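Trainee: One structure, as structure tokens, below. Some questions next.
Values in this text are rule-based calculations from the coordinates and carry no lab data. Predicted model, so just to flag it, every value in this text is computed and none were measured. Because the Cβ atoms are built from the backbone with ideal geometry, glycine has one as well, and the counts that use them run over all protein chains shown.
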Amino acid sequence: MSQLGEEDKRQKILKAAVKVFSQKGFHEAKVDEIAQVADVGKGTVYEYFSSKTELFQEMFKAGMDFYINNVKIELKPGLTAREKLTKMARLHLRFIVKYRDLARITLTEHTYFNEDFRKWTYESRARKIELIKQIIDEGITGGEFRSVDSRAAALAFMGALGSIFPPIVFSKEKASYKSLLEPIMDIIFNGLESK
């Protein structure tokens, strides 16, 4: 079988894992069910992943890589710092809405991550914060933003987006996040200070 075919099969298993883990949780999910949803044999799952825990963690890595790659594609040269941050915020929310099941697992099943995976998650988050910090630095240098601690601003930006995470994941209302994004971005760009 070609390398592309092998990668397609791996992706099918990861996609099935998102579906089964999000419905059953880590403990109740069975590899048999994941194989059935992926339309492969149980042995095939173990050809790609040594254990249920590894499959669970690789599912998260695939989701995070997909997110980061999409962000890099969207942040084209020529955009202002403000446009880049707004685009990032929209992508972040669109990703959570589209992959709500994966996002739900992130909030409820993180106890099944081993130390190496926690380290990888921390490093991924650090890379994301660094990317946001660089955009803010561009904005400061270009005169779009006032001079601030760009790392603190990046953390505040991440925290603001993170606060919308649970309502999107657990709420039955589909459109509620859209009404929150504009005022949150307004506060990020203009602060709370009265002019």
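Trainee: In whole Hz and in residue order, list the ³J(HN,Hα) couplings for the stretch 153-159 that follow from phi through the Karplus curve 6.51 cos²θ - 1.76 cosθ + 1.60, θ = phi - 60°; x for Gly and Pro.
Mentor: Couplings: 5, 5, 5, 5, 4, 4, x Hz.
Trainee: With +1 on each Lys and Arg Cβ and -1 on each Asp and Glu Cβ, and nothing else charged, work out how big the dipole of the chain is about its Cα centre, in Debye to the nearest 20.
Mentor: Roughly 420 debye for the chain.
Trainee: Nearest 500 deg cm²/dmol is fine: what mean residue ellipticity at 222 nm does the chain get from its DSSP H runs of n ≥ 4 alone, each adding -39,500 (n - 2.57), divided by its residue count?
Mentor: Helix contribution divided over all residues of the chain: -26500 deg cm²/dmol.
Trainee: Same structure again: Using only Cα atoms and rounding to the nearest 10 degrees, what angle (0 to 90) does helix 176-190 make with the longest principal axis of the chain?
Mentor: Orientation of helix 176-190: about 40 degrees from the principal axis.
Trainee: Count the net charge of all other residues whose Cβ sits under 12 Å from the Cβ of T121, scoring Lys and Arg as +1 and Asp and Glu as -1.
Mentor: +3
Trainee: In the chain, if the dipole is taken from +1 on Lys/Arg beta carbons and -1 on Asp/Glu beta carbons about the Cα centre, which of S124, I105, G162 is farthest to the positive end?
Mentor: G162
Trainee: If neighbour count is taken as other Cβ atoms inside 10 Å, put I96, I184 in order from fewest to most.
Mentor: If I rank by nearby Cβ atoms, fewest first, I get I184, I96.
Trainee: Please list 3J(HN,Hα) in residue order for the stretch 56-64, calculated via the Karplus relation 6.51 cos²θ - 1.76 cosθ + 1.60 where θ = phi - 60°; whole Hz, with x for glycine and proline.
Mentor: So the J values, rounded to whole Hz, are 4, 6, 5, 4, 5, 4, 4, x, 5.
Trainee: Multiply the residue separation of V148 and L91 by 0.36 nm, subtract the distance between their alpha-carbon atoms, and state the gained length in nm to one decimal.
Mentor: Once the chain is fully extended between V148 and L91, it gains 18.0 nm.
Trainee: Go through K42/K76; K30/K72; K9/K98; K61/K133 and tell me which ones have a Cα-Cα distance over 32 Å in this structure.
Mentor: Long pairs (Cα-Cα over 32 Å): K42/K76; K30/K72.
Trainee: List every residue whose amide H lies under 5 Å from the amide H of F145, counting only residues 5 or more places away in sequence or on a different chain, with H placed 1.01 Å from N in the peptide plane.
Mentor: Sorted by chain and number, the residues that satisfy this are I140.
Trainee: Also, I was wondering about something else. Using 1/(1 + (r/R0)^6) with R0 = 22 angstrom and r between the beta carbons of E138 and A160, what's the FRET efficiency to the nearest 0.05? Display every interim value, and only then the final one.
Mentor: On the way: r = 19 Å, r/R0 = 0.87.
So, using R0 = 22 Å, E works out to roughly 0.70.
Trainee: Another question, then. Here are a few candidate values for mean projected area of the Cα convex hull in nm²: [x] 9.9; [y] 13.2; [z] 15.7. Which one was actually calculated from the structure I just gave you?
Mentor: [y]
Trainee: How high is the relative contact order of the stretch 53-190? Use alpha-carbon pairs under 8 Å, at least six apart in sequence, and give a whole percent.
Mentor: 30 percent
Trainee: Further question on the same structure: With label points built 7 Å along Cα→Cβ from the Cα atoms of D8 and Y46, find their separation and express it in nm.
Mentor: Distance between label points: 2.6 nm.
Trainee: For a quick check of your reading of the filter: which trypsin sites (Lys or Arg not before Pro) in the stretch 1-94 sit in a DSSP loop and have no more than 14 other Cβ atoms within 10 Å?
Mentor: Hits after loop and neighbour filter: K30.
Trainee: Based only on other Cβ atoms within 10 Å, what is the fewest-to-most ordering of D116, D32?
Mentor: Values: D116 9, D32 12.
Arranged by neighbour count, lowest to highest, D116, D32 become D116, D32.
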